[in-house]
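The values are calculated or read from the model by the stated rules, or taken from the named source; none is laboratory data. Just so you know, these numbers come straight off a predicted model, no measurement behind them. Every residue, glycine as well, gets a Cβ built from its backbone with ideal geometry; the counts of neighbours run over all protein chains shown. What goes into the accessible areas is simple: the full protein's heavy atoms, side chains included, and nothing from ligands, DNA or RNA. Shrake-Rupley method; radii C 1.70, N 1.55, O 1.52, S 1.80 Å.
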Amino acid sequence: MQYDVILPAAGSGKRMGAGKNKLFLELANKPILIHTLEVFEKDEACRAIFLAVKSSERSFIQSQLQKYNITKVNEMPIGGDERQHSVLACLKVMDTGDIVLVHDAARPFIEQSTIHALIRKASEKGAAIAGVRAKDTMKRVSNGRIEETVERSSLWMIQTPQAFDFELLKEAELSAEAEGFLGTDESMLVERLDKEVYVVESNYENVKITTKEDLIFGEAILNRRAGGK
Ligand code: C5P
C-alpha cells in the first residue's frame, strides 16, 4: 500500500542550543534531515514527501536535496510558528485521498517495518500511531510533591510516525485550526473528533533528536547499524 509523508522540518531546535536548525547537524557525516529523508527515499511504498521548511532555509535545503540525491520531495511549503501549523501547511498543498504519514524530521532512526505496520493499521482502522511502553515508574507531581503513582501498564510514550486516512487528518487539522486548538501531536486532533486511534509498538531507538546527549546516542545507533547489528 502506497503512502505520502509529511515531514515538519521548520523548527528552531532551541533545546539543542546549536545556534542553527538542529536538523542541519551531522551524524556520521550527514545532516540529520538527510538521514530522515533517506528512509522515505528508499521506501518503495512512499510515493511523495512533503517537507515543511523555514523560508530562510528553503534554498539551503534545496541544495542539500540535490547534493544527496533526494528526489521524492514534491513540495516544500513554509512552516508555521508551531509544529501543528507546519503540518497543516503541507496538508494544504496535498490532494491525495490515501494514507498520509506524519513524521518528525528530527527522528532519523525510524525503521521501515514500523512504517509499514502503521500504514497497514491506518488503512484498516483510519488512524494508527507509533509508541513504546513506559519503562519507568510514573507519578503525577504538583509543586514538587507526589500526588499519585500512575498505573504504568496502560501508559505508552507516543512518537511519530502517525498515520491517518488523508481526509480524516485534514478534517481534524482544519477543525483544530478553526477552533484555535493546539495539540502536541496529530493524534490529539483526531481524538477530539471522537475517532478511534490505534497504537503500533515501535522501539526505543526512534528518538527525537532534541538535546546534545541525543547526538551521542544517535552516533552509537548508526555505528551499530553500520556494523550490521
Ligand atoms: O522541536 P521539536 O523537535 O519537538 O520539533 C519536532 C519536529 O517538528 C522537528 O522536525 C521540527 O523541525 C518540526 N517543527 C516544525 N515547525 C515548528 C516547530 C517544529 O516543522 N514550528
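Which ones in region 40-59 are open to solvent by 30 Å² or more (accessible area, probe 1.4 Å) and within 14 Å of the ligand (Cβ to nearest atom)?
Result: Lys54, Ser55, Ser56, Arg58.
Six or more apart or on different chains, Cβ under 9 Å: which pairs go from a residue in region 63-86 that's without any contact (Cβ under 8 Å) to a residue 60 or more places away in the chain and under 18 Å from Ala48 (Cβ atoms) to one that's within 10 Å of the ligand (Cβ to nearest atom) and of a type in the set (S, T, N, Q)? Could you list them?
Pairs that qualify, where the first residue is without any contact (Cβ under 8 Å) to a residue 60 or more places away in the chain and under 18 Å from Ala48 (Cβ atoms) and the partner is within 10 Å of the ligand (Cβ to nearest atom) and of a type in the set (S, T, N, Q), are Pro77/Ser86.
For region 22-33, does any single residue satisfy the condition of being more than 19 Å from Ile110 (Cβ to Cβ), away from the ligand (no atom under 12 Å from the Cβ) and open to solvent by 30 Å² or more (accessible area, probe 1.4 Å)?
yes
Kindly state which helices (runs of 4 or more DSSP H) lie completely within region 137-229 and contain at least 1 residues that are among the acidic types (Asp, Glu) and under 27 Å from Gln2 (Cβ atoms).
166-178, 186-191
Among the residues of region 187-205, which ones are over 14 Å from Gln159 (Cβ atoms), touching a residue at least 40 places away in the same chain (Cβ under 8 Å) and open to solvent by 70 Å² or more (accessible area, probe 1.4 Å)?
Lys195, Glu196
Anything in region 79-91 that is of a type outside the set (Asp, Glu) and either loosely packed, with under 15 Cβ neighbours inside 10 Å or in contact with a Phe, Trp or Tyr (Cβ under 7 Å, 6 or more places away or on another chain) (or both)? List them, or say none.
Cys90
Quick one: in region 66-102, of everything that is modelled with pLDDT of 95 or more, away from the ligand (no atom under 16 Å from the Cβ) and within 19 Å of the chain's Cα centre (by Cα), which residue is farthest from Phe40 (Cα to Cα)?
Per the stated criteria, the residue is Ile99.
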